[in-house]
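All of the numbers you see were taken from the coordinates with simple rules; none came from a lab. Here the structure is a predicted model, which means the values were calculated and not measured. Cβ: placed from backbone, ideal geometry, glycine included. Neighbour counts: every protein chain shown.
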Amino acid sequence: MNKSELLSAIASKTKLTKDQVNSVLNSYAEIVMDQAIQNKEFTVLNWGKVKITKSAERKGLNPATKKPITIPARWVPRFAFSRTLKARIAEEVKG
């Protein structure tokens with residue numbers, strides 16, 4: 001399902017226009033990102049949790065020169081699915 005199909009599906013269920021749904025979804029996405037960045041964690045209702053974690057500095061190898069390099073630590077977004085969603089998928093997806 002692409003964004004246009006999602007907007008149409010939500011619009012038909014909620015009786016809102018596609019433009020209104022688009023505005024709501026864009027605002028929701030912005031709020032999720034802002035909260036995850038500010039608090040390093042945000043729960044997405046019935047879906048799971050967005051968490052910002054710091055990856056440790058590590059050793060690597062430059063593929064072009066084969067020389068060792070140090071890959072710096074950085075902040076990385078992670079997503080953990082909720083138990084509810086995992087259970088529903090396990091129950092309903094056949095195949």
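Given Cα pairs under 8 Å that are at least 6 residues apart, what percent is the relative contact order of region 1-75?
Working: 64 pairs, mean separation 11.9, N = 75.
About 16 percent, as a whole number.
Filter the trypsin sites (Lys or Arg not before Pro) in region 4-71 to those in DSSP coil with at most 12 other Cβ atoms within 10 Å of their Cβ, and list the result. Hits after loop and neighbour filter: K15, K66. Please list, ordered by chain and number, the residues whose modelled amide H lies under 5 Å from the amide H of E41; skip anything fewer than 5 residues away on the same chain. For E41, whose amide H was placed from the backbone, the distant partners under 5 Å are I52.
With the Cα gyration tensor of region 49-95 in hand, give its eigenvalues times 5 under a square root as the equivalent ellipsoid semi-axes, listed largest first in whole angstrom.
On the way: eigenvalues 279, 50, 6 Å².
Each semi-axis is the square root of five times an eigenvalue, giving 37, 16, 6 Å.
Can you bin every Cα-Cα distance in the chain into 5 Å intervals starting at zero and give me the percent of pairs per bin, rounded to whole numbers? Reading the bins upward from 0: 3, 11, 11, 13, 15, 15, 11, 8, 7, 4, 2, 1.
Go through region 21-95 and name the GluC sites (Glu not before Pro) that are in a DSSP coil and have 15 or fewer other Cβ atoms within 10 Å of their Cβ. Don't jump to the answer; show the numbers that get you there.
Values: sites: E30, E41, E57, E91, E92; in loops: E57.
Those that pass, being in a loop and sparsely packed, are E57.
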